[in-house]
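The values are calculated or read from the model by the stated rules, or taken from the named source; none is laboratory data. All figures in this text were calculated on a predicted structure; none of them were measured in a lab. Reconstructed Cβ throughout: ideal geometry from the backbone, glycine too, with neighbour counts over all protein chains shown.
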Amino acid sequence: MDFDVNQAAKTVVSELRELAQLTSNEDGAQRVAWTPIWDRAVEWFKGKTKAEGADISMDAAHNVWAKITGEREEAIVIGSHLDSVPNGGWLDGALGVVAGMGILRRYGKHGVKPKYTIYVVNWADEEGARFGYSCTGSSAVSGAMDVQTIENLRDNDGVRFADALKNYCLQTADFPKAHEEFLAKPVKAYLELHIEQAPLLEKQRKAAACVYGITGCRRQYITFKGQPAHSGSPITMRQDAFLAAAQASLGFRGLGLKYDAYCTVGKVEVWPNVVTIVPGSCRISLDQRSIDPAVLNTLVEQARAVAQKAAAEHGVQVSFESVWKNPPTIFPDKLVALCREAVAEETGEQTSMVSGPLHDAAEISKLVPAVMMFAMSSQGLSHCKEENTPDRELETAIRAFFRLADKAMQA
Ligand SMILES: [Zn+2]
């Protein structure tokens, strides 16, 4: 049977709509991991791939693997995540899994036997939306998971992660076994298609891009301590912790612009948080990202200096608590070259870019050669029901991804 690439891309789009219909309400996608609607998405994936003749298996971290055996045992793995944030979009994560199903269909029971074995994987709980731990399934596989931390995490209703897993007959202590299970597979390459979640490609009127790396990240809390006082006290004689934090935050934005990097103050907590009291204490989060490890170090150092200067000007104390870090990911040249070619053949241009958001591919690239491709995002919106890519651009990106899989298959 000849492979009709245009029809295959259209089928992926209609299957994405089918999944959205099955797992969304009027507020958007509700495929939050470790909830019944996510289970429904996972069952849908298992049913669809089984119907194509794939062997389905689950690893110790609840990642789902759909396998089509090729002429060789060496394998190409294609994946992403079916889970979403609450009130999420129809494409984030789902695009990569459903595009993988499109590739699998080509080689399934109605198709030709592939040269290499193909796995399509649905990584469990990429978003961390319920328990706050991102890339759960893929970090179990990479070996980076902190099992101690994860089992005691609680959701907003106070349910422990370890207890929620009982519904799935899973134990966090077993999660690291997924690492061994992965290493037993002779994986040649990992490929992931995802939406951009930023407006750059739309601005450049491009449907798809090769992603050559994922930014590294440093996260810390910065606490400013001043003196609570009456809101009728003289302005020049205050030790206002909030103003110091606000001034520092503007400085962080300046660092982001200066170094072409990302600096985000996402969380602001003010004490005592009363209308008539000068804030005595203020804690902010700072998330800094860059593709360049040296720039990342500089960002952290200079943020410290910026915060200390702001604190001094407002007569308050400042302290720093680093909470999380992840090094930048640079995908290997060979796969990046194939990906750039695939994008160029479909769109006429060798577009490539860096991903600001983290993805499962960052975890998996710790073990095997990996690369990502982005599809354009309308207005860059994601993690909301407005998330979209027009059908024409979506199909172009899917066709480019099929080309990438072809190239990986021939390499
Ligand atoms: Zn995602």
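Is it true that LEU367 is out of contact with any Asp or Glu (no Cβ under 8 Å at 6 or more places or on another chain) and outside any loop (DSSP other than H, G, I, E, B)? Step through it out loud before you land on a result.
Working: out of contact with any Asp or Glu (no Cβ under 8 Å at 6 or more places or on another chain): yes; outside any loop (DSSP other than H, G, I, E, B): no.
For LEU367, the condition - out of contact with any Asp or Glu (no Cβ under 8 Å at 6 or more places or on another chain) and outside any loop (DSSP other than H, G, I, E, B) - is not met.
Kindly provide the set of residues from the range 38-76 that are within 15 Å of the ligand (Cβ to nearest atom) and in contact with a Ser or Thr (Cβ under 7 Å, 6 or more places away or on another chain), ordered by number.
Across the range 38-76, the qualifying residue is only ALA41.
Working carefully through the options ALA51, ALA33, ALA66, find the one that is in the same structural domain as LYS185 (by TED's automatic domain parsing), closer than 25 Å to LEU381 by Cα and at pLDDT 95 or above. Give the derivation first.
Working: ALA51 fails: closer than 25 Å to LEU381 by Cα; ALA66 fails: closer than 25 Å to LEU381 by Cα.
That would be ALA33, the only listed residue that is in the same structural domain as LYS185 (by TED's automatic domain parsing), closer than 25 Å to LEU381 by Cα and at pLDDT 95 or above.
Taking ALA66 as the residue in question, decide whether it is touching a residue at least 12 places away in the same chain (Cβ under 8 Å) and closer than 16 Å to GLY102 by Cβ.
Values: touching a residue at least 12 places away in the same chain (Cβ under 8 Å): yes; closer than 16 Å to GLY102 by Cβ: yes.
Yes; evaluated as a whole, the condition is true for this residue.
Determine whether THR396 is assigned by TED's automatic domain parsing to the domain that holds GLY93 and buried (at least 23 other Cβ atoms within 10 Å of the Cβ).
Values: assigned by TED's automatic domain parsing to the domain that holds GLY93: yes; buried (at least 23 other Cβ atoms within 10 Å of the Cβ): no.
No.
Can you name the residue in the range 77-89 that is surrounded by 23 or more Cβ atoms within 10 Å (Cβ to Cβ) and away from the ligand (no atom under 12 Å from the Cβ) and, of all such residues, is farthest from LYS177 (Cα to Cα)?
Only one residue tops the list, namely ILE78.
Residue-wise test of (1) within 16 Å of the ligand (Cβ to nearest atom); (2) touching a Ser or Thr at 6+ places or on another chain (Cβ under 9 Å); (3) in the same structural domain as HIS383 (by TED's automatic domain parsing).
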| position | (1), (2), (3) |
| --- | --- |
| VAL112 | no, no, yes |
| THR117 | no, yes, yes |
| ASN122 | yes, yes, yes |
| GLU127 | yes, yes, yes |
| TYR133 | yes, yes, yes |
| THR136 | yes, no, yes |
| SER139 | yes, no, yes |
| SER142 | no, yes, yes |
| MET145 | no, yes, yes |
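Does GLY128 satisfy the condition of being among the small types (Gly, Ala, Ser), buried (at least 23 other Cβ atoms within 10 Å of the Cβ) and within 23 Å of the chain's Cα centre (by Cα)? Give the derivation first.
On the way: among the small types (Gly, Ala, Ser): yes; buried (at least 23 other Cβ atoms within 10 Å of the Cβ): no; within 23 Å of the chain's Cα centre (by Cα): yes.
When the stated conditions are applied, GLY128 does not pass them.
With the condition kept exactly as written, say whether any residue in the range 365-383 is touching a Lys or Arg at 6+ places or on another chain (Cβ under 7 Å) and more than 24 Å from VAL77 (Cβ to Cβ).
The answer is yes, given that some residue of the range 365-383 is touching a Lys or Arg at 6+ places or on another chain (Cβ under 7 Å) and more than 24 Å from VAL77 (Cβ to Cβ).
Would you mind stating whether PHE252 is part of a helix (DSSP H, G or I) and either of a type in the set (Val, Ile, Thr) or in contact with a Pro (Cβ under 8 Å, 6 or more places away or on another chain) (or both)?
On the way: part of a helix (DSSP H, G or I): yes; either of a type in the set (Val, Ile, Thr) or in contact with a Pro (Cβ under 8 Å, 6 or more places away or on another chain) (or both): no.
Criteria not met by PHE252.
I'd like to verify a number: residues in the range 312-350 that are closer than 20 Å to THR215 by Cβ, at pLDDT 95 or above and assigned to a loop (DSSP other than H, G, I, E, B), how many?
Residues flagged as closer than 20 Å to THR215 by Cβ, at pLDDT 95 or above and assigned to a loop (DSSP other than H, G, I, E, B) within the range 312-350 amount to 3.
Please work out which one of (1) in contact with a Leu (Cβ under 8 Å, 6 or more places away or on another chain); (2) closer than 22 Å to HIS194 by Cα; (3) part of a loop (DSSP other than H, G, I, E, B) is the condition SER84 fails and give its number.
(1)
What are the pairs, 6+ residues apart or on separate chains, where a residue within the range 174-198 that is within 16 Å of the ligand (Cβ to nearest atom) has its Cβ under 8 Å from a residue that is of a type in the set (Phe, Trp, Tyr) and outside any strand (DSSP E or B)?
Close Cβ pairs satisfying both conditions: LEU191/PHE401; LEU193/PHE401.
Yes/no matrix, rows are residues, columns are (1) in contact (Cβ under 8 Å) with a residue 40 or more places away in the chain; (2) surrounded by fewer than 18 Cβ atoms within 10 Å (Cβ to Cβ):
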{"position": "ASP260", "(1), (2)": "no, yes"}
{"position": "PRO272", "(1), (2)": "yes, yes"}
{"position": "THR276", "(1), (2)": "yes, yes"}
{"position": "ARG289", "(1), (2)": "yes, no"}
{"position": "GLN302", "(1), (2)": "yes, no"}
{"position": "GLN308", "(1), (2)": "no, yes"}
{"position": "HIS314", "(1), (2)": "yes, no"}
{"position": "PRO328", "(1), (2)": "yes, no"}
{"position": "PRO332", "(1), (2)": "no, yes"}
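Just for strands (runs of 3 or more DSSP E) wholly inside the range 113-227: which have at least 1 residues that are closer than 23 Å to ARG289 by Cβ?
Working: elements: 116-122, 187-195, 208-214, 216-225.
Those strands (runs of 3 or more DSSP E) span 187-195, 208-214, 216-225.
Scan the range 49-62 and give yes if some residue there is within 20 Å of the chain's Cα centre (by Cα) and either surrounded by 21 or more Cβ atoms within 10 Å (Cβ to Cβ) or assigned to a loop (DSSP other than H, G, I, E, B) (or both), otherwise no.
Here is the first cut: in the range 49-62, the residues within 20 Å of the chain's Cα centre (by Cα) are 61-62.
Next, from what is left, pick out any that are either surrounded by 21 or more Cβ atoms within 10 Å (Cβ to Cβ) or assigned to a loop (DSSP other than H, G, I, E, B) (or both): 61-62.
Checked against the condition, which is being within 20 Å of the chain's Cα centre (by Cα) and either surrounded by 21 or more Cβ atoms within 10 Å (Cβ to Cβ) or assigned to a loop (DSSP other than H, G, I, E, B) (or both), the range 49-62 yields at least one hit.
State the number of residues belonging to the range 329-376 that are within 16 Å of the ligand (Cβ to nearest atom), under 25 Å from THR396 (Cβ atoms) and among the charged types (D, E, K, R).
1
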